[in-house]
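All remarks here apply to the structure that follows.
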């Protein structure tokens, strides 16, 4: 079987990629390994067939030249070369980009994700580095995962398998440690600048609509707005402490929007662990449309760790069940 293998050329943990490549190559021995040049894999994988992705077509917008555009063209090259599955080494954001490329191209290729990024907590990541020595495809299972389609007005932003966060910071790596990074600085200049998350993300006109019906929050302070698919929602089944999530496995909901008076996506959130916080849940599922309006300038978008400037007053969310297939160890 031909297997496409991609590393995140922009990952903070890339210093480990050469060692990880040797282990992965050994565990996939007997299969034809395809990769792309440079930091995508050519620098690490001896014996793999190295592809050079096509250059952007003449007249392509500048977005086609950025990191996401390079990933898209790399995925297309691997698929065109006959890859039957994709192995990605990176974090949630990298795996999410790859999954989004497959959805956009209507490709049904399972993803085997290996942790090599900042957080590595989403359902697309099936293996940690420590688990690679035990990687055996014959002892893995394939399953579908839910994605959240995120739109900025009518424009598609991307697909989230972990979460969509409304914030002006995102989690990244600096010098091998996790930090809150300024979304504006990174998107404007590519610089990694540490910044505390702003508490002012929602204005007085903040409103959530589900299928056009207003759902008003009772929180006076809204410091975190986050939406997530409920992959593996049996974890919450019947556990009243999880609030509305405890009902999700029974009522067909596979996604949730949450609003909190404390931002827990913060490397310094531990300071508030000893205090009560309030969290509101709005469940939704296939066929539902959730729309968020009334966000302030600090209310930008972070989709599976990937930062985006918001251009519209409306953020739209839809659930997409079985959006992609993933390969994970048996019993995980």
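Just so it is clear, none of the values below were taken in a lab; they were calculated from the coordinates. Only a predicted model underlies this, so the values are computations on that prediction, with no experimental measurement involved. A quick note on method: Cβ atoms are made from the backbone with ideal geometry, for glycine too, and the neighbour counts reach across all protein chains shown.
Each Cα pair under 8 Å and six or more residues apart adds its sequence gap; the mean of these over the residue count of the chain is a relative contact order of 20 percent. If a paramagnetic tag sat 7 Å from the Cα of residue 155 along the Cα-Cβ line, which residues of the range 174-206 would have the backbone N under 19 Å from that point? Only 183-190 fall inside the zone, counting backbone N under 19 Å.
Under 1.5 on a/c is rounded, so check that first for the range 65-138, then, if it is not, pick prolate when a/b is larger than b/c and oblate when it is not; a ≥ b ≥ c are the square roots of the alpha carbon gyration tensor eigenvalues.
Judged from the Cα gyration tensor, the range 65-138 comes out oblate (a/c at least 1.5, b/c at or above a/b).
Contact order, relative form, for the range 151-321: 32 percent (alpha carbon pairs under 8 Å, 6 or more residues apart, mean separation divided by residue count). For the listed peptides 134-141, 197-204, a ranking on the average number of other beta carbons within 10 Å per residue, highest first, reads 197-204, 134-141. For a label point 7 Å from the Cα of residue 137 along Cα→C-beta, name the residues of the range 1-37 whose backbone N is under 14 Å from it. Hits in the range 1-37 for residue 137 at 14 Å: 1-6, 24-35.
Compute the Cα gyration tensor for the range 3-53, then decide on rounded, prolate or oblate, letting a ≥ b ≥ c be the square roots of its eigenvalues: rounded whenever a/c is under 1.5, prolate when a/b is larger than b/c in the other cases, and oblate in all that remain. All intermediate terms of the calculation are to be shown ahead of the outcome.
Numbers: a/c = 2.21, a/b = 1.20, b/c = 1.84.
Here the range 3-53 falls in the oblate category.
Once the C-beta distance of residue 288 and residue 205 is scaled by a Förster radius of 30 Å, the resulting FRET efficiency is 0.85 to the nearest 0.05. One decimal place: the segment residue 67-residue 194 gains 43.6 nm when fully extended, by the rule 0.36 nm per residue minus the C-alpha distance. GNM on the chain, alpha-carbon springs under 10 angstrom: the most fluctuating residue among 186, 94, 284 is 186.
Summary of packing: across the peptides 323-332, 70-79, the per-residue average of other C-beta atoms within 10 Å ranks them, highest first, as 70-79, 323-332.
Based on DSSP, what percent of beta bridges with both residues in the chain are antiparallel, to the nearest 5?
Percentage antiparallel, nearest 5: 75.
If I build a Gaussian network model for the chain, linking alpha-carbon pairs within less than 10 angstrom, which residue out of 117, 38, 93 has the largest mean-square fluctuation? Among 117, 38, 93, the largest GNM mean-square fluctuation belongs to 38. Please determine, in degrees from 0 to 90 and to the nearest 10, the orientation of helix 67-80 with respect to the longest principal axis defined by the Cα atoms of the chain, where the helix direction is its Cα long axis. Rounded to the nearest ten degrees, it is 50. The alpha-carbon atoms of the chain, seen along their principal axes, cover 59, 45, 38 angstrom, with the largest extent given first. Using a Gaussian network model of the chain in which every pair of alpha carbons under 10 angstrom is joined by a spring, one finds that among 317, 183, 109 the greatest mean-square fluctuation is at 109.
Rounded, prolate or oblate: pick one for the range 2-135, where a ≥ b ≥ c are the square roots of the eigenvalues of its C-alpha gyration tensor, a/c under 1.5 means rounded, and failing that, prolate if a/b is larger than b/c, else oblate. It is prolate, given that a/c is not under 1.5 and a/b is the larger ratio. Taking the chain as the reference, fit the longest principal axis to its C-alpha atoms, fit the long axis of helix 17-27 to the helix C-alpha atoms, and give the angle between the two in degrees, 0 to 90, nearest 10. That works out to roughly 70 degrees. Between helix 92-104 and the chain there is an angle of about 80 degrees, using the helix long axis and the longest principal axis of the Cα atoms. Stretching the chain fully between residue 217 and residue 177 yields a gain of 10.9 nm (0.36 nm per residue, less the alpha carbon separation).
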